[in-house]
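Structure, as structure tokens:
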Amino acid sequence: MTAAARLRAEIDAVLADWAYHLDHGQLDELAELFTEDALFVTGGLELRGRVKIKNRYLERTVVRSTRHIYSGLRVSPIGGDPEAAVAAVEDGTARPIRVRARSTWVNYAANAAPPVDDVGVYVVADFDDVLTWCADERWRISERRIIPVFRDLARAPITG
């Protein structure tokens, strides 16, 4: 496997974990996918840090069923950034410290417990992520910007 293919697979795994943990209500595991000081931006909402990101999902006042699907993943090392130095991989190849990952997501959602008879898309959005290789040798999301392309506000989460 080439270094580029390995990098893409590693980032793909983080994104898949985010979708799985969110869709299955595993918010502690979801929060661990972010750096301690991560920036999360969606619409007009800007959150900083794992605790605030996790709390965003805890604020929902009704049961919510979701499934997140994504495609079109593009991963590129961030160059020219002093924080984007290179780390060594076991086989001696270089690993960027920070990468940009862009993807397109579809979120099926309903404010009801499963099984839900009415299937609909809440949002189709572009995700612009920055992931950082951390000291514990894991990729974590250090910045996430969600840019809606299409949405059905009737399917939006209900918060208190």
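Read the figures in this text as sums done on the coordinates, not as results from a lab. Please read all numbers here as calculations on a predicted model, not as lab measurements. In this analysis, Cβ positions are derived from the backbone assuming ideal geometry, glycine residues included, and neighbour counts consider all displayed protein chains.
What list of ³J(HN,Hα) couplings, whole Hz, do you get for region 44-61 from phi and the Karplus terms 6.51, -1.76, 1.60, once you set θ to phi - 60° and write x for glycine and proline?
x, 8, 10, 10, 10, x, 4, 4, 5, 5, 4, 4, 4, 7, 6, 6, 5, 9
Tell me which residues come under 5 Å, amide H to amide H, from residue 38 once H is placed; ignore anything under 5 positions away on its chain.
So residue 38 has HN proximity to 49, 50.
With charges only on Cβ, +1 for K and R and -1 for D and E, what is the dipole size of region 3-155 about its Cα centre, in debye, rounded to 20? Present the calculation step by step, with values, prior to reporting the outcome.
Numbers: 21 positive and 24 negative charges, 80 e Å.
Roughly 380 debye for region 3-155.
Compactness ratio of the chain: Cα Rg over 2.2 N^0.38 Å, N = residue count?
Ratio of Rg to 2.2 N^0.38 Å for the chain: 1.09.
According to a simple spin-label model (label point 7 Å from Cα along Cα-to-Cβ), what is the distance in nm between residue 152 and residue 112?
Taking the two extended label points, one gets 1.2 nm.
Taking Cα pairs under 8 Å and at least six residues apart, what relative contact order does region 3-155 come out at, in percent?
23 percent
R0 = 22 Å: FRET efficiency of residue 136 with residue 52, Cβ-based, nearest 0.05? Let's see the in-between values first.
Details: r = 22 Å, r/R0 = 0.98.
So the FRET efficiency works out to roughly 0.55.
Which of 67, 140, 98 moves most in a GNM of the chain, Cα contacts under 10 Å?
67
Please report how far the C-alpha centroid of region 41-81 lies from that of region 102-119, rounded to the nearest whole angstrom.
15 Å
Starting from the amide H of residue 142, placed 1.01 Å from N in the peptide plane, find each other amide H under 5 Å away whose residue is 5 or more places distant or on another chain.
Here 35, 130, 131, 132 satisfy the definition.
Using θ = phi - 60° and the Karplus relation 6.51 cos²θ - 1.76 cosθ + 1.60, list the HN-Hα couplings for region 104-114 in order, rounded to whole Hz, with x at every Gly or Pro.
10, 10, 10, 10, 7, 8, 8, 8, 7, 7, x
Taking every alpha carbon pair in region 107-160, what does the distance histogram look like in 5 angstrom bins from 0, in percent?
Answer for region 107-160: a P(r) of 4, 16, 17, 16, 14, 13, 11, 7, 1 percent.
Between region 1-33 and region 132-160, what is the C-alpha centre distance in whole Å?
A separation of 12 Å, based on Cα centres.
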